[in-house]
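For reference, the structure discussed in these notes is given below.
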Amino acid sequence: MKAVISQEGQIRMSDVLTPVIEDGFVLVQTEYSAISPGTEMMMNGLHRTQQIVLGYSAAGVIRTRGKGMEHWPEGLRVACYGGPYAKHAEWLLMPQHLMVPIPDHVSSEEASTVGLGAIAVHAVRQVAPQFGETLVLIGAGILGQLIAQIAKAAGCRVIVYDLLTERCEMAERLGIRHIATSPEKVKEHLANLTEGMGADAVIVCAGGKTGDLIDQALEWVRDRGKVLLVGDVKPDFSRDLMFGKEAQVLISRAGGPGRYDPIYERKGIDYPYGYVRWTEGRNMAEYIRLISEGDIQVKPLISAIFPVERCEEAFRRYAEDPVDLLGAVLAYPAAVSGCETKVKEQLTKEGGSR
């Protein structure tokens, strides 16, 4: 089968082995997979001499079921998350806790972002916001845009801060009332919303090679507030700033409890509901519910849909033109009939093929 691989700094299509059905798994024919620009660009490097298949978020149709998976009907559309199972490939061998059904009125393109969505949901849960609290979001890429919408849906007052005006304007179009393209504007919002007390939590979704962003977050957070690291930022920050406010500096790991646990993911043994309310699988389902019920908008965040054969172009544009490309989705032959029109519309909007 065809898959998107990274090797020695190059991203391209390649032939890899098609997975074979196993007990406890289903075989999913991929329709769309979503690119996670931060993670996947970081994974691509000259030091990788062995090829790896990129991706961790997709949507497709169940075609074959293994023993023990009879409750997952063939022909069902599912959203899939979590490498090495979900990836940019034509076929996916998926265990039950890493996929959720897609409602009829939710498109497969939207659902293919379920991995990003589960990460966003878990990030909001990590700061445990209370209704009416104020949250600052640093970095308005696709992940930051999702976190901002989810926090707003949870009853928070959200301030989105990004140096790129276009990304702040997108957040505003999606219902975020308070946007800022400068630290001074963030301070102004905090003065108006919190009477100068500071944000209850600051979530850092931007990347950085120094701890400057964390120090900035510590300045904005209230006494005994929380700073959460989601982006690829160096955890080097001022002890005095943290100590002075007795602030918590936290990190958010992937989509929730169960991630990287082979007992949960591969063997399909769930955590007890009463003890672990929000596993990564339940976070996935909650994200799809938020889309289904209209509490968050995903379609405006998908800037382009590329046929999977044009994966090199998609990643190149992320590297060269991140302002123009907020979110990108790869389309596979299983979805080609529905994709062609959308691709043509996208190319027309962009002024022709690139």
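Which residue, of ILE35, ILE21, is β-branched (Val, Ile, Thr) and surrounded by fewer than 24 Cβ atoms within 10 Å (Cβ to Cβ)?
The conditions single out ILE21.
Using the structure shown, decide if THR134 is under 30 Å from ILE288 (Cβ atoms) and among the hydroxyl-bearing types (Ser, Thr, Tyr).
Yes, satisfied.
Given the criterion over 17 Å from GLY327 (Cβ atoms), aliphatic (A, V, I, L, M) and in contact with a helix residue (DSSP H, G or I) (Cβ under 7 Å, 6 or more places away or on another chain), identify the matching residue among ALA171, ALA206, ALA199, ALA191.
ALA199
Yes or no: ALA59 of a type in the set (A, V, I, L, M), touching a Phe, Trp or Tyr at 6+ places or on another chain (Cβ under 6 Å) and in a loop (DSSP other than H, G, I, E, B)?
So ALA59 does not fit the description; no.
Residues being farther than 24 Å from ASP212 by Cβ and open to solvent by 20 Å² or more (accessible area, probe 1.4 Å): count how many of those fall in the range 156-173.
So the answer is 5.
Please note which strands (runs of 3 or more DSSP E) are completely contained in the range 125-213 and include at least 2 residues that are among the β-branched types (Val, Ile, Thr).
Passing ranges, in order: 134-138, 157-161, 199-204.
Of GLY255, GLY274, which residue is farther than 21 Å from GLU22 by Cβ, open to solvent by less than 10 Å² (accessible area, probe 1.4 Å), assigned to a loop (DSSP other than H, G, I, E, B) and not aliphatic (A, V, I, L, M)?
GLY255 is the lone residue from the list that is farther than 21 Å from GLU22 by Cβ, open to solvent by less than 10 Å² (accessible area, probe 1.4 Å), assigned to a loop (DSSP other than H, G, I, E, B) and not aliphatic (A, V, I, L, M).
May I ask you to list pairs of residues, at least six apart or on different chains, whose Cβ atoms are under 6 Å apart, with the first in the range 226-238 being farther than 11 Å from LEU137 by Cα and the second being open to solvent by 60 Å² or more (accessible area, probe 1.4 Å) and of a type in the set (Val, Ile, Thr)?
LYS234/THR210
Quick one: how many residues across the range 62-76 are open to solvent by 60 Å² or more (accessible area, probe 1.4 Å) and in a loop (DSSP other than H, G, I, E, B)?
The number of residues fulfilling the criteria is 5.
List, please: which pairs have Cβ atoms under 7 Å, are six or more places apart or on different chains, and start with a residue in the range 315-328 that is without any contact (Cβ under 8 Å) to a residue 40 or more places away in the chain and part of a helix (DSSP H, G or I) and end with one that is hydrophobic (A, V, I, L, M, F, W, C) and open to solvent by less than 20 Å² (accessible area, probe 1.4 Å)?
ARG317/LEU325
Take the conditions in contact with a strand residue (DSSP E or B) (Cβ under 9 Å, 6 or more places away or on another chain) and at pLDDT 90 or above and apply them to TYR318. Does it pass?
Numbers: in contact with a strand residue (DSSP E or B) (Cβ under 9 Å, 6 or more places away or on another chain): yes; at pLDDT 90 or above: no.
No.
Which of the residues that make up the range 231-251 are open to solvent by 30 Å² or more (accessible area, probe 1.4 Å) and not in a helix (DSSP H, G or I)?
The initial filter retains those residues of the range 231-251 that are open to solvent by 30 Å² or more (accessible area, probe 1.4 Å), namely 232, 234-246, 248-251.
Matches in the range 231-251: ASP232, LYS234, PRO235, ASP236, PHE237, SER238, GLU246, GLN248, VAL249, LEU250, ILE251.
Of everything in the range 258-271 that's outside any loop (DSSP other than H, G, I, E, B) and either in contact with a Pro (Cβ under 7 Å, 6 or more places away or on another chain) or β-branched (Val, Ile, Thr) (or both), which residue is least open to solvent (accessible area, probe 1.4 Å)? So that I can check it myself, show each step before the final result.
Start the filter on the range 258-271 by keeping residues that are outside any loop (DSSP other than H, G, I, E, B), which leaves 262-265.
Okay, now just the ones that are also either in contact with a Pro (Cβ under 7 Å, 6 or more places away or on another chain) or β-branched (Val, Ile, Thr) (or both), so 263, 265.
Values: ILE263: 75, GLU265: 10 Å².
Among residues in the range 258-271 that are outside any loop (DSSP other than H, G, I, E, B) and either in contact with a Pro (Cβ under 7 Å, 6 or more places away or on another chain) or β-branched (Val, Ile, Thr) (or both), the one least open to solvent (accessible area, probe 1.4 Å) is GLU265.
Sort out which residues of the range 285-314 are farther than 17 Å from ALA58 by Cα and part of a loop (DSSP other than H, G, I, E, B), and write them in order of number.
Those that are farther than 17 Å from ALA58 by Cα and part of a loop (DSSP other than H, G, I, E, B): GLU293, GLY294, ASP295, ILE296, GLN297.
Using the structure shown, decide if SER107 is hydroxyl-bearing (Ser, Thr, Tyr), surrounded by fewer than 24 Cβ atoms within 10 Å (Cβ to Cβ) and in contact (Cβ under 8 Å) with a residue 12 or more places away in the chain.
Details: hydroxyl-bearing (Ser, Thr, Tyr): yes; surrounded by fewer than 24 Cβ atoms within 10 Å (Cβ to Cβ): yes; in contact (Cβ under 8 Å) with a residue 12 or more places away in the chain: yes.
The answer is yes for SER107.
Filter the range 83-101 for residues that are part of a loop (DSSP other than H, G, I, E, B) and open to solvent by 10 Å² or more (accessible area, probe 1.4 Å) and give the result. Spell out how you get there, then give the answer.
As a first pass, look at the range 83-101 and keep what is part of a loop (DSSP other than H, G, I, E, B): 83-88, 90.
Scanning the range 83-101 gives GLY83, PRO84, TYR85, LYS87, GLU90.
The values are calculated or read from the model by the stated rules, or taken from the named source; none is laboratory data. Here the structure is a predicted model, which means the values were calculated and not measured. When we count neighbours, we look across all protein chains shown, and the Cβ atoms used for this are built from the backbone with ideal geometry, even at glycine. Quick note on the areas: whole protein, heavy atoms, side chains included, nothing else; ligands and nucleic acids left out. Shrake-Rupley method; radii C 1.70, N 1.55, O 1.52, S 1.80 Å.
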